[in-house]
Amino acid sequence: DQQVKQNSPSLSVQEGRISILNCDYTNSMFDYFLWYKKYPAEGPTFLISISSIKDKNEDGRFTVFLNKSAKHLSLHIVPSQPGDSAVYFCAASRNTNAGKSTFGDGTTLTVKP
Amino acid sequence: DAGITQSPRHKVTETGTPVTLRCHQTENHRYMYWYRQDPGHGLRLIHYSYGVKDTDKGEVSDGYSVSRSKTEDFLLTLESATSSQTSVYFCAISDPASGAYEQYFGPGTRLTVT
């Protein structure tokens with residue numbers, strides 16, 4: 001049973017437009033969510049996070065939205081740049097076990113110049 | 001960037017041989033993790049450690065063992081490597097007690113079992 005799902009394996013957008021990456025989760029006990037970005041031949045790097053007490057968190061061009069009732073979160077990148085082309089992983093944690101995260105399978109974003 | 005190194009970075013080994021991967025950190029973070037990444041499977045947790053000599057299994061722990069005798073080092077051992085263990089292995093660290101749940105990843109080790 002996959003508790004964190006990224007249903008779109010890939011996404012292609014034009015430079016300057018918005019990229020929206022989606023993530024769904026099934027475990028209602030998750031209360032902290034994170035996004036990571038991964039370039040080929042490198043380890044993932046932390047991008048942005050959100051606590052379940054919020055519904056939005058913004059950091060520059062990156063915004064994460066959380067809809068707890070739908071068990072859905074999304075990452076918005078505006079404007080998209082070619083350097084944003086990477087694999088994006090969604091992850092979820094529980095405050096009672098903050099050391100563990102469950103990851104989705106990732107979405108490959110391609111931003112075309 | 002967090003100070004995390006992995007060694008070796010690449011390894012080719014034969015089925016049935018033992019293999020040990022090393023993760024070293026200079027951040028004094030309490031938690032350390034080993035993940036494997038395979039096409040279509042994202043990052044799957046193998047084992048993790050929440051302190052020296054304190055370890056626990058992840059979702060894909062069969063065939064793997066770990067040890068942590070010092071805060072800075074976390075070893076992953078494949079006792080008898082199989083072709084199904086061909087993968088890219090990532091070590092990660094975190095310090096949730098500080099209030100930050102994000103993990104910092106090493107550069108990865110590409111392991112090929114022939």
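Values quoted throughout were computed directly from the atomic coordinates according to the rules given, and no laboratory measurement underlies them. Model, not experiment: these values are computed from the prediction. Quick reminder, even Gly has a Cβ in these numbers, built from the backbone with ideal geometry, and neighbours come from all protein chains shown.
Would you be able to tell me the number of residues in region B:62-94 that are in contact with a Leu (Cβ under 9 Å, 6 or more places away or on another chain) and of a type in the set (S, T, Y)?
Final tally of qualifying residues: 8.
Going by the structure shown, is A:T26 facing chain B (nearest Cβ under 9 Å) and either more than 30 Å from B:R9 (Cα to Cα) or within 15 Å of the chain's Cα centre (by Cα) (or both)?
For A:T26, the condition - facing chain B (nearest Cβ under 9 Å) and either more than 30 Å from B:R9 (Cα to Cα) or within 15 Å of the chain's Cα centre (by Cα) (or both) - is not met.
Could you check how many residues of region B:24-71 are more than 9 Å from chain A (Cβ to nearest Cβ) and not in a strand (DSSP E or B)?
The qualifying residues number 12.
Can you give me the number of residues within region B:1-11 that are surrounded by 12 or more Cβ atoms within 10 Å (Cβ to Cβ) and in a strand (DSSP E or B)?
Residues in region B:1-11 being surrounded by 12 or more Cβ atoms within 10 Å (Cβ to Cβ) and in a strand (DSSP E or B): 5 in total.
For B:Q103, all conditions in the list (1) without any contact (Cβ under 8 Å) to a residue 60 or more places away in the chain; (2) closer than 23 Å to A:Y36 by Cα; (3) over 12 Å from the mean Cα position of the chain (by Cα) hold save one; what is the number of the exception?
All conditions are met except number (1).
On the given criteria, is A:I20 over 18 Å from B:Q37 (Cβ atoms), crowded, with 19+ Cβ neighbours inside 10 Å, without any contact (Cβ under 8 Å) to a residue 60 or more places away in the chain and not charged (D, E, K, R)?
Spelling it out, it is not the case that A:I20 is over 18 Å from B:Q37 (Cβ atoms), crowded, with 19+ Cβ neighbours inside 10 Å, without any contact (Cβ under 8 Å) to a residue 60 or more places away in the chain and not charged (D, E, K, R).
For the structure I just gave you, tell me whether A:A41 is outside any strand (DSSP E or B), without any contact (Cβ under 8 Å) to a residue 60 or more places away in the chain and over 21 Å from B:H41 (Cα atoms).
Here the answer is no, as A:A41 does not meet what is asked.
Considering (1) buried (at least 19 other Cβ atoms within 10 Å of the Cβ); (2) in contact (Cβ under 8 Å) with a residue 40 or more places away in the chain; (3) in contact with a Lys or Arg (Cβ under 9 Å, 6 or more places away or on another chain), say which one A:A92 fails and leave the rest.
Against the list (1) buried (at least 19 other Cβ atoms within 10 Å of the Cβ); (2) in contact (Cβ under 8 Å) with a residue 40 or more places away in the chain; (3) in contact with a Lys or Arg (Cβ under 9 Å, 6 or more places away or on another chain), A:A92 comes up short only on (3).
Identify the residue in region A:29-58 that is of a type in the set (A, V, I, L, M) and within 13 Å of another protein chain (Cβ to nearest Cβ) and, among all such residues, is farthest from A:H72 (Cα to Cα).
Result: A:A41.
Out of all the residues in region A:97-107, which are more than 7 Å from chain B (Cβ to nearest Cβ) and farther than 14 Å from B:D95 by Cα?
A:T102, A:T107
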